[in-house]
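Before any comments, here is the structure.
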Amino acid sequence: MSTSSRIPGTGQGNPATRPDLTPELLQSVALKTRDVVTLLEEIAGNFSPAAFANSLGAEDMVLTDLILKHKLPIEIFSLDTGRLPPETYDLLAATEKHYDYRLTVYYPRHEQVENYVRTHGINAFYASVELRKACCHARKVEPLQRALAGKKAWITGMRAQQSATREALPVRSFDAANGLEKFNPLADWSEKEVWAYIRSQNIPYNALHDQFYPSIGCAPCTRPISLGEDIRAGRWWWEDPASKECGLHVSKG
């Protein structure tokens, strides 16, 4: 794939990323955007220090835009697992340029990744759910724990419609695993509303979305989906849908 074809926001291929911007859709987005900004302002005022975990998905670009446009004192960080697609790195660079803002990037502890690979193999995550979750823990969960240390609130871009594991997603809950409040400001947003915001505000997004990748994680664990498949069918596609979480969003409470 050439560099030019990976430029974020090209708008080619996937019709789901180009919804018809009807007055009704734009009105719904405007009302929900107002509510999200109000919530983000409350988080910034009442739960400082707060941090937003930006995985560079479409939803996360909406929240990035709102946090930075409104100059809210909320740290934005991202996790670099070491196995992200090139398009995700392109978007990270484009985001920093677009907003003139440097995201805080956390990496896995090298000794944990080295031990995993030496013990199990470079692609051992395909062998079992346990080994896949162990890889996710080393590359994502442990870095997230460091990123959230000392924070009072964690903001995510999760939506209830994304998968069976997120149907009852609340806007706010207490995350016992990390000992802080967790907020999902886009919990009730539809996919169309997310893309209507992105299109109407002309903000950058991952070019893989235009190639039928609605949910993007590490390159070996992500594939495009077919028409009619669940939005997260391309994540860990070899597993049962009920197990499709990496450990970042599993409550212990």
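Numerical summary
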item	result
Some residue of the stretch 178-185 being at pLDDT 95 or above, of a type in the set (Gly, Ala, Ser) and over 27 Å from ALA219 (Cβ atoms)	yes
Selected residue [open to solvent by less than 20 Å² (accessible area, probe 1.4 Å) and over 26 Å from VAL36 (Cβ atoms)] from ARG132, ARG109	ARG132
Residues of the stretch 204-234 satisfying the condition of being outside any loop (DSSP other than H, G, I, E, B), open to solvent by 20 Å² or more (accessible area, probe 1.4 Å) and closer than 19 Å to ASN54 by Cα	ALA219
Index of the failed condition, GLU142 passing every other in (1) open to solvent by 40 Å² or more (accessible area, probe 1.4 Å); (2) modelled with pLDDT of 95 or more	(1)
Pairs where the first residue, in the stretch 79-91, is under 13 Å from TYR106 (Cβ atoms) and the second is open to solvent by less than 10 Å² (accessible area, probe 1.4 Å), C-beta under 6 Å, 6+ apart	LEU79/PRO143
Test: residue in the stretch 34-52 that is buried (at least 23 other Cβ atoms within 10 Å of the Cβ), closer than 16 Å to ILE203 by Cα and touching a residue at least 24 places away in the same chain (Cβ under 8 Å)	no
The lone exception for ALA207 - which of (1) within 19 Å of GLU59 (Cβ to Cβ); (2) out of contact with any Lys or Arg (no Cβ under 8 Å at 6 or more places or on another chain) it fails	(2)
GLY157 vs. criteria assigned to a loop (DSSP other than H, G, I, E, B) and open to solvent by less than 30 Å² (accessible area, probe 1.4 Å)	yes
Qualifying position, being within 21 Å of VAL194 (Cβ to Cβ), of a type in the set (Val, Ile, Thr), modelled with pLDDT of 95 or more and open to solvent by 20 Å² or more (accessible area, probe 1.4 Å), among THR64, THR95, THR10, THR22	THR22
The stretch 145-154, residues that are touching a residue at least 12 places away in the same chain (Cβ under 8 Å), outside any helix (DSSP H, G or I) and either exposed (fewer than 14 other Cβ atoms within 10 Å of the Cβ) or among the hydrophobic types (A, V, I, L, M, F, W, C) (or both)	GLY150, ALA153, TRP154
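The values are calculated or read from the model by the stated rules, or taken from the named source; none is laboratory data. What you see is a predicted model; the values in this text were computed from it and never measured. FYI the Cβ positions are ideal-geometry reconstructions off the backbone, even for glycines, and counts take in every protein chain you see. These area figures cover heavy atoms from the full protein model, side chains too; ligands, DNA and RNA do not enter into them. Shrake-Rupley method; radii C 1.70, N 1.55, O 1.52, S 1.80 Å.
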